[in-house]
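What follows is a short report on a single structure.
Any read-out appearing in this document is the output of simple, stated calculations on the displayed coordinates, not a laboratory observation. None of the values given here were measured: they were computed from a predicted structure. Heads up, the Cβs are rebuilt from the backbone with ideal geometry, glycines too, and the neighbour counts pull from every protein chain shown.
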Amino acid sequence: MRASFGAILLAGLTLAGCVTPAGPAGGPAPRPRPSPDVQFYPQQGQSAAQQDRDRYECHLWAVKKSGYDPSAEPRRSPEPATREDQQGSGALAGAIIGGAIGAATSRDEDRGINTFMGATTGAMIGAASDAEKQRAAQQRAAMEARFDERVLRYRRAMTACLEGRGYAVR
């Protein structure tokens, strides 16, 4: 039985992520981002005004020490990966689409070689796309790691400062 050009093209587009099949979205759940928020409790009878002053002064010190200011920067990291960032399907999808195009645009006597050439070209283009997606994903992961480290440094500095002023920090 011979598959139709449309069916082959649809399969290739689905693998490439251009067409999403019906059904629940899969994939791993995003990991929680660290928060700069610190909860603290007075242990030495500090007044509300003193707590506000201490929090503000510790915030300024933590910003200086960490290089991160949660009041001036967004509280979220760079955008998480999306379905379009999935890697590994570009070469296969390119081969399917290229082969289908090669077969559909050929005369009967040239169909075999044109299918092969189309599949090979499509696979090379898809592999280049996969490599670019991988590079972008690695770059995004590195940005997220740098962002997380700055948030954690801020949180550690706030904790140290507040504990030094007689607060319990959680």
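Summing +1 for each Lys or Arg and -1 for each Asp or Glu, what net charge is found among the other residues whose Cβ lies under 9 Å from the Cβ of R165?
-3
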Give, as a single signed number, the net charge of other residues whose beta carbon lies under 12 Å from the beta carbon of C58, with Lys and Arg counted +1 and Asp and Glu -1. +3
Total formal charge among the other residues, if their Cβ is under 14 angstrom from that of Q43, Lys/Arg +1 and Asp/Glu -1: 0
Show me, for the stretch 145-153, the HN-Hα J-couplings you get by feeding each phi into the Karplus relation (A = 6.51, B = -1.76, C = 1.60, θ = phi - 60°), rounded to Hz, glycine and proline as x. 5, 5, 4, 4, 5, 5, 5, 5, 4
